[in-house]
Amino acid sequence: MAGGVSAEQVAYYVDLLKKVRETPDWKSFLETGRSTRRLERKGIRDWVAREEARHILLMREAGFWRDEVPRRAGRSLARRR
C-alpha cells in the first residue's frame with residue numbers, strides 16, 4: 001500500500017482479502033486456474049521478457065503507449081542479473 005495510509009485502511013484491505021480467500025471461487029481458482037509449474041531463474045527471466053513485450057504491444061495497439069521509452073524502461077526483472 002501507499003505510504004501514509006491509516007491503520008483503519010490497512011485493516012479494511014486485510015479483512016477484504018481474508019474474505020476473498022475464503023470464497024469457493026477463490027479456492028477453485030487456486031485448485032484449477034493457477035499454474036503449479038515452477039520456473040527456474042532463466043525461465044522466469046524469459047517469461048517476464050515475453051510478457052513485458054506482449055503488454056507493450058497491447059498497450060501500443062490500444063493507444064496507451066507512446067513510442068518514447070519511459071525512464072524506468074529496461075529495468076524489468078528479465079534484464080536484471
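Determine, yes or no, whether R38 is at pLDDT below 65, among the charged types (D, E, K, R) and either more than 17 Å from the chain's Cα centre (by Cα) or part of a helix (DSSP H, G or I) (or both). It would help to see each step written out before you state the result.
Details: at pLDDT below 65: yes; among the charged types (D, E, K, R): yes; either more than 17 Å from the chain's Cα centre (by Cα) or part of a helix (DSSP H, G or I) (or both): no.
When the stated conditions are applied, R38 does not pass them.
Results for (1) of a type in the set (A, V, I, L, M, F, W, C); (2) part of a loop (DSSP other than H, G, I, E, B); (3) modelled with pLDDT of 85 or more, shown as yes or no for each residue.
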| site | (1), (2), (3) |
| --- | --- |
| V5 | yes, yes, yes |
| K18 | no, no, yes |
| I44 | yes, no, no |
| E61 | no, no, yes |
| V69 | yes, yes, no |
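The values are calculated or read from the model by the stated rules, or taken from the named source; none is laboratory data. Predicted model only: the values in this text are computed from it and were never measured.
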